[in-house]
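*Asks:* Below is a structure I'd like to ask you about.
The values are calculated or read from the model by the stated rules, or taken from the named source; none is laboratory data. Computed from a predicted model, the values in this text were never measured in an experiment. Note that each Cβ is placed from the backbone with ideal geometry, even for glycine, and that neighbours are counted across all protein chains shown. Remember, those area values only see protein heavy atoms, side chains included, never the ligands or the DNA or RNA. Shrake-Rupley method; radii C 1.70, N 1.55, O 1.52, S 1.80 Å.
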There are 4 protein chains.
Amino acid sequence: MRTRTGCSFALRIVAVAALALAPSAAARAESPEDCRSPWGPDDQRGAINRLTPAKTLEAARLITEGKIYQLGRVYEAGMPLYGLRSYNSITPEMRGPLGPNKLTWNEEYIAAQLGQVGTQFDGLGHIGINGRFFNCNEARDFVRAEGLQKLGVENVGSFFTRGVLIDVAAYKGVARMEKGYEISVDDLKGALAKEGLNLREGDAVILHTGWGSLWMKDNAMFNSGAPGIGLAAGEWLAEQKVVLVGADTGGVEVAPNPEHPQAEAIVHQLMITRNGINFLENLDTSGLARDKIYEFAFVFSPLKLKGASGSPGNPIAVR
Amino acid sequence: MRTRTGCSFALRIVAVAALALAPSAAARAESPEDCRSPWGPDDQRGAINRLTPAKTLEAARLITEGKIYQLGRVYEAGMPLYGLRSYNSITPEMRGPLGPNKLTWNEEYIAAQLGQVGTQFDGLGHIGINGRFFNCNEARDFVRAEGLQKLGVENVGSFFTRGVLIDVAAYKGVARMEKGYEISVDDLKGALAKEGLNLREGDAVILHTGWGSLWMKDNAMFNSGAPGIGLAAGEWLAEQKVVLVGADTGGVEVAPNPEHPQAEAIVHQLMITRNGINFLENLDTSGLARDKIYEFAFVFSPLKLKGASGSPGNPIAVR
Amino acid sequence: MRTRTGCSFALRIVAVAALALAPSAAARAESPEDCRSPWGPDDQRGAINRLTPAKTLEAARLITEGKIYQLGRVYEAGMPLYGLRSYNSITPEMRGPLGPNKLTWNEEYIAAQLGQVGTQFDGLGHIGINGRFFNCNEARDFVRAEGLQKLGVENVGSFFTRGVLIDVAAYKGVARMEKGYEISVDDLKGALAKEGLNLREGDAVILHTGWGSLWMKDNAMFNSGAPGIGLAAGEWLAEQKVVLVGADTGGVEVAPNPEHPQAEAIVHQLMITRNGINFLENLDTSGLARDKIYEFAFVFSPLKLKGASGSPGNPIAVR
Amino acid sequence: MRTRTGCSFALRIVAVAALALAPSAAARAESPEDCRSPWGPDDQRGAINRLTPAKTLEAARLITEGKIYQLGRVYEAGMPLYGLRSYNSITPEMRGPLGPNKLTWNEEYIAAQLGQVGTQFDGLGHIGINGRFFNCNEARDFVRAEGLQKLGVENVGSFFTRGVLIDVAAYKGVARMEKGYEISVDDLKGALAKEGLNLREGDAVILHTGWGSLWMKDNAMFNSGAPGIGLAAGEWLAEQKVVLVGADTGGVEVAPNPEHPQAEAIVHQLMITRNGINFLENLDTSGLARDKIYEFAFVFSPLKLKGASGSPGNPIAVR
């Protein structure tokens, strides 16, 4: 991507590393073109622009058994949450009865940083670099009390594409990878080779690290960090022109980042802000890993929450 | 359905009509078997049990163009809401910058009767008859402050099935059907015949009435009632063993109900409580109707909101 | 007040009127001193600084009958709300029983623009002029996602002072004043003379217009406007060095403003932003007016909501 | 109290102890009269009925210095919370500017188990014994999704009464009493004697244990238990006909309860359910204790939250 700007990925890695070391200088040095979307100045969708009817058909052809795997986790009180976020689902007493047919009903009230709790899809309005978001959008121009005036998740559309599970844990021969382990490009290539697969433009990549086995089992450990990709693996995935990267961790990226221990969510910035590639976090990848399902139709349709930075979801893998 | 109980549909129509006239007597007269799920005493999912790998494959084969239609509406302040429900999405000022990489981010807080506002999926815990819900579950046994202990939407699974749009408005030759018009069995049959389609077991049926054109245009009118199915059409759809009925209205069923003007959501009771068939409301069916797409892969994966009566969503039709 | 800056009130009225006509020019023309609090550069409390132990004692001496009037309205679904604000109070099913003593309990979940719904206290962080708030605080410097870093309502303290009800409706000889009627300085002086009272420094002034009789009776009318003070009466009240102005209307000030029909909440700006005088809205003044209680101990202790712009409340008048 | 029923307090202590050991038997043995309010079958207010104009005047006469102590804590993210309760205050970006006067404003959205987080007032609808609440109200008769149909906090009224701080910590010679220490009747009598005070009918009693010094300093410890009153001290306080008991702890009562280690909030049941005496929790009593202010006008006016079990607040002590 970004071929329009003639910016090679090797150079980009250097640029990002420089950013981590001297961010303000780097940010200022960045030319206006660097943050521009390859899909034009009005683009609010990013990498999903790569999805085409042909890609949808390619995905549909992968459905040969009719088996569905749900990748979404249950939203519930007590699930791991980042920082001071919270999730409240309040069930009032049953209502009614009303009318001669004695209608009774339930409805709950939900209050949460929805889209940033549990299984969550990071939209392009979620992450920025010093106030600058995807496609050179400055926070002061689009962040409003009523919602994001640009890059809202209602613009992104739906994913129906080829999904590839990269079972990095299996490749490394462990059930659960270690906290702080940075998945390398060689790890990704090696795991894919073991699975007999290649990545193609428009794919959704799902990483299985085994870290998700801690979910609701040891939330403190789950929240304390995670294995995941660093800048190098992120760059490589962006180079493959994937449209989405998901994982069974809270942030997809390695935490803490061994290369950039002071940095905060630096791989988010690389993927989301710079490359327009969405993250999908806190997936339940255990079924796919158990059944060794590595290639499938990946279907996910984010809620059209106006002006929102993300969406909850229950993506599915169909085989 | 309900063949296990030997209960004919003709008789069931009579029973429901009787319920409307003398509900408490009818409710008392109902034998324990009448409320039992055909899928066993532990069943919490209802009609979706009819979905099989074969049905998924049937749906996948309908994807011949790779075109995706989003059926979900935008969730936003000012959208039509039922009663005193509300939808709040609060966007704080951008956060950060954090760290040497100057991470900045947005995250919103959403508070609503989620699952019962905007595009909404009615789960089996939503609607009951005098406190008795699907599969003979009594409210006192499963409605808890922490959420429904049975029939929660996290149990339902995902829909990947053949979808059929029944464009009743086109069949009636109008852009928008009238409020209070009860769609008859003949209307459904006639519209299907016009489209050259039959319903099959496991289908998701989506009704286009044109009423959705009022959404965000004339919310007061939109909320004042709607065209929709009555008990007769509901019975017929249940007899076809469909798994879900959706529409471009707030309640799928006719309102006010010309046959049962005093009744409250009586078709909800028939379909959800008695037959375990989910409703999907406030769909945007305009694209399908415009393009005359009547048969498609219907994909919808409700959020796994623990113990919830419903789910928001952005279902898709893939052709 | 503002004697430090040598700015006469006559001049201030001119300045505000000019602001309404040519706001940006006026705002730019304003010297840095104009927005400074008389209580120093670190002041976050405003006019309440005028309250002293002597004033508390003065108020306590007004308590001669031991009679308490609650001025707060009931917070409830269906109450009049401004714009798209909402108020949700969700009562779950009773919890428990727990333990051998069979503890059962209720607790509700409340979600609202609390502090800006129902009876509400406008703190100094609520209202600004083009981003500049009380004591020259610029929004960019103190508005944060986590709450206001300055001027938060937790700083204001508690009011225990002489309260004066000005029954303007009685003075005008009506039960309910007209929407859009601007209460004049002569109205205030006349009503006070009729009541045999004068205002003194540190008083809390409560206006009875009769508009509150529409509350929960005709919410649409209640919300459509109100009688209230304009800039002239506001200036005069500020000149009397009152600490708070309350009313039985949603905004204390006249709406629409006959002098400044295009202006938005311009009297809020005068009182809150420029003079540090809090507003208290949607009061129930009916009991005081009925019993002709014009002088009393006014007691109100805002919730210490960290970084909040306002507070809900149930102020009392004690006689 | 309960003199109408002729039930001696010595007997009541035995009855409560029996309840803890064999609650269902005890509950069944309880005669209908036992749960009746002394203020009649329609009473929804409980002990506050003891407050009279004379008592208000008694309180006002205690105001001799004009000094105000705020007893309410700051509501903020990160404060100690019970169980899975949460407190969210979301501040959107500043709104506006609107109109020629360039109105800008802030308003926050608050979502919480309000009334049961931070400084909190326990209303009579909060606590019951096996579904039976104050004045023999059964949960099934008054707990509704829309709020409590009886005993809602909007009924209670306002407290303006004599307040007495019992500094138990000072009496015991410690800065902070130990977790699980049960304050005895002798402790209360001894501390009062040291302070030279007696309790009178209608008083609000505030306990200083020093436990509040952990607030926001060591939340885990703060939440892990507390010193407080047990059944014996609770009975004695009820016998003094106080109207409210507050403390600098999360529950006023000792936790864990050394006499009834399996019991849950058993002193809540004694005071609130049986005696109609409200609790006021998480108070900041440090100022009063520091200044040795033991007798004062106590003023607290709960929010009129319709159908709510409790209220947040910022009570004041005025001297």
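*Asks:* Heavy atoms only, 1.4 Å probe, whole protein assembly: order B:Tyr82, B:Tyr69, D:Tyr171 by accessible area, highest first. Could the numbers behind the result be given before it?
*Replies:* On the way: B:Tyr82 140, B:Tyr69 20, D:Tyr171 90 Å².
Per-residue accessible area, sorted high to low, gives B:Tyr82, D:Tyr171, B:Tyr69.
*Asks:* Another question, then. Please work out how much accessible surface C:Ser184 shows to a 1.4 Å probe, ignoring ligands, DNA and RNA, in Å² rounded to 10.
*Replies:* 40 Å²
*Asks:* Just to confirm the numbers: C:Asn219, label point 7 angstrom along the Cα-Cβ line, distances to the other copies in nm, shortest first?
*Replies:* 1.3, 3.5, 3.5
*Asks:* Measure of size requested: the Rg and Dmax of segment B:38-166, with Cα atoms as the atom set and Å as the unit; please supply both.
*Replies:* That works out to 20.2, 61 Å for Rg and Dmax.
*Asks:* With all protein chains present, calculate the accessible area of A:Tyr294 using a 1.4 Å probe and round the result to the nearest 10 Å².
*Replies:* The accessible area comes out at roughly 40 Å².
*Asks:* Could you calculate, for chain D, the ratio of the Cα radius of gyration to the Kirkwood radius, expressed as Rg to Rh?
*Replies:* Working: Rg = 19.9 Å, Rh = 20.2 Å.
Expressed as Rg/Rh, it is 0.98.
*Asks:* Another question about this same structure. So what is the 222 nm mean residue ellipticity for the protein assembly as shown from helices alone, if each DSSP H run of at least 4 adds -39500 (n - 2.57) and you divide by all residues, rounding to the nearest 500 deg cm²/dmol?
*Replies:* Rounded to the nearest 500, it is -5500 deg cm²/dmol.
*Asks:* Could you list the square roots of 5 times each eigenvalue of the Cα gyration tensor of segment D:181-310, that is, the equivalent ellipsoid semi-axes, sorted largest first and rounded to whole Å?
*Replies:* Rounded to whole Å, the semi-axes are 20, 18, 18.
*Asks:* Related question: Taking springs between alpha-carbon atoms closer than 10 angstrom, which of D:Arg274, D:Arg144, D:Arg45 fluctuates most in the Gaussian network model of chain D?
*Replies:* Among D:Arg274, D:Arg144, D:Arg45, the largest mean-square fluctuation in the Gaussian network model of chain D belongs to D:Arg144.
*Asks:* How large a share of the accessible area of the protein assembly as shown, in percent, is made up of carbon and sulfur atoms when the probe is 1.4 Å and the other protein chains stay in place?
*Replies:* In the protein assembly as shown, the share of accessible area belonging to carbon and sulfur is 51 percent.
*Asks:* Test of understanding: in a Gaussian network model of chain C with alpha carbons linked when under 10 Å, which of C:Gly225, C:Gly131, C:Gly115 would top the mean-square fluctuation ranking?
*Replies:* C:Gly131
*Asks:* Kindly flag which residue pairs out of C:Lys217/D:Lys306; A:Lys102/D:Lys150; C:Lys172/C:Lys217; B:Lys55/B:Lys241; B:Lys189/B:Lys292; A:Lys189/A:Lys241 have an alpha-carbon separation exceeding 19 Å in this structure.
*Replies:* The answer is A:Lys102/D:Lys150; C:Lys172/C:Lys217.
*Asks:* Tell me, rounded to the nearest percent, the portion of alpha carbon pairs in the protein assembly as shown spaced more than 49 Å apart.
*Replies:* Here the tail beyond 49 Å accounts for 36 percent of pairs.
*Asks:* Ok, one more. Label-point separation (nm) for B:Asp34 and A:Ser224, each offset 7 Å from Cα along Cα-to-Cβ?
*Replies:* 5.8 nm
*Asks:* Further question: Run the label-point distances for A:Leu84 please: 7 Å along Cα to Cβ, every other copy, nanometres, shortest first.
*Replies:* Listed shortest first, these distances are 2.1, 2.5, 3.0 nm.
*Asks:* Now a separate question. Take C:Asp291 and A:Glu239, extend 7 Å from each Cα along the Cα→Cβ direction, and tell me the distance between the two endpoints in nm.
*Replies:* Taking the simple label geometry, C:Asp291 and A:Glu239 are separated by 8.1 nm.
*Asks:* Which order do B:Leu84, A:Leu270 take by accessible area at a 1.4 Å probe, largest first?
*Replies:* Numbers: B:Leu84 120, A:Leu270 0 Å².
Result, largest first: B:Leu84, A:Leu270.
*Asks:* Okay, moving on. Once label points are set 7 Å from the Cα along Cα→Cβ at both B:Glu259 and D:Asn198, what is their separation, rounded to one decimal in nm?
*Replies:* A separation of 7.8 nm, rounded to one decimal place.
*Asks:* Given D:Leu283, D:Leu303, D:Gln269, which one lies farthest toward the positive end of the charge dipole of segment D:251-304, if we put +1 on the Cβ of every Lys and Arg and -1 on the Cβ of every Asp and Glu?
*Replies:* Of the candidates, D:Leu303 comes out farthest on the positive side.
*Asks:* Taking each label point as 7 Å beyond Cα in the direction of the beta carbon, state the distances from B:Glu178 to the same residue in the other copies, shortest first, in nm.
*Replies:* Between copies, matching label points for B:Glu178 lie 4.4, 7.5, 8.2 nm apart.
*Asks:* Right, something else. Between A:Asp42 and B:Asn49, what FRET efficiency follows from the Cβ-Cβ distance if R0 is 51 Å, with the result rounded to 0.05?
*Replies:* FRET efficiency, A:Asp42 to B:Asn49: 0.65.
*Asks:* While we're here: How big is the dipole moment of chain C about its Cα centre under a simple scheme where the beta carbon of each Lys and Arg is +1, that of each Asp and Glu is -1, and everything else is neutral? Debye, nearest 20, please.
*Replies:* The calculated dipole for chain C is roughly 500 debye.
*Asks:* Return the value, in Å² to the nearest 100, of accessible area buried between chains A and B (probe 1.4 Å, both sides summed).
*Replies:* 6900 Å²
*Asks:* Which value, in Å² rounded to 10, gives the accessible area of C:Met216 with a 1.4 Å probe and all protein chains present?
*Replies:* So the heavy atoms of C:Met216 present about 80 Å² to solvent.
*Asks:* Name the shape class, rounded, prolate or oblate, that the alpha-carbon gyration tensor gives for segment B:240-319, where a ≥ b ≥ c are the square roots of its eigenvalues, rounded holds for a/c under 1.5, and otherwise prolate holds if a/b is larger than b/c and oblate otherwise. Walk me through the numbers before you get to the answer.
*Replies:* Values: a/c = 1.94, a/b = 1.29, b/c = 1.51.
Note, shape of segment B:240-319 comes out oblate.
*Asks:* Would you mind classifying segment B:203-247 by shape? Square roots of the alpha carbon gyration tensor eigenvalues, ordered a ≥ b ≥ c; an a/c under 1.5 is rounded, otherwise it is prolate if a/b is larger than b/c and oblate if not.
*Replies:* Because a/c hits 1.5 or more and a/b exceeds b/c, segment B:203-247 counts as prolate.
*Asks:* Calculate, for chain B, the solvent-accessible area per residue in square angstrom, rolling a 1.4 angstrom probe over the heavy atoms of the protein chains.
*Replies:* Computed with neighbouring chains in place, this is 33 Å² per residue.
*Asks:* Please give the Cα centre distance for segment A:236-295 versus segment B:253-319, rounded to the nearest Å.
*Replies:* Each part reduced to its Cα centre gives a spacing of 34 Å.
*Asks:* Any idea what Rg and Dmax come out to for segment A:148-222 if you just take the C-alpha atoms, in Å?
*Replies:* 15.6, 46
*Asks:* Also, I was wondering about something else. Measure out, as a whole number of angstrom, how far apart the alpha-carbon centroids of segment C:28-90 and segment A:195-209 sit.
*Replies:* Here the answer is 60 Å between Cα centres.
*Asks:* Give the relative contact order (percent, whole number) for chain C; include only Cα pairs under 8 Å separated by 6+ residues.
*Replies:* 28 percent
*Asks:* Oh, and also: Heavy atoms only, 1.4 Å probe, whole protein assembly: order C:Glu108, B:Glu58, A:Glu201 by accessible area, highest first. Spell out each step's value before the answer.
*Replies:* Details: C:Glu108 0, B:Glu58 40, A:Glu201 100 Å².
Order by accessible area, largest first: A:Glu201, B:Glu58, C:Glu108.
*Asks:* Threshold 40 Å², probe 1.4 Å: give the residues of segment C:49-78, in number order, that are less accessible with all protein chains present than with their chain alone.
*Replies:* Hits at the 40 Å² cut-off: C:Thr56, C:Leu57, C:Ile63, C:Gly66, C:Ile68, C:Gln70, C:Val74, C:Tyr75.
*Asks:* Hey, which residue of B has the C-beta nearest the axis mapping B onto A, and what's the distance in Å?
*Replies:* Closest Cβ on chain B to the axis mapping it onto A, in Å: B:Ala111, 2.
*Asks:* I need to check one value: relative contact order of segment C:151-252, counting alpha carbon pairs closer than 8 Å and at least 6 residues apart, in percent.
*Replies:* That works out to 35 percent.
*Asks:* Can you tell me which of A:Val185, A:Val205, A:Val117 moves the most in a GNM of chain A? Springs connect C-alpha atoms under 10 Å apart.
*Replies:* Sorting by GNM fluctuation, first place goes to A:Val185.
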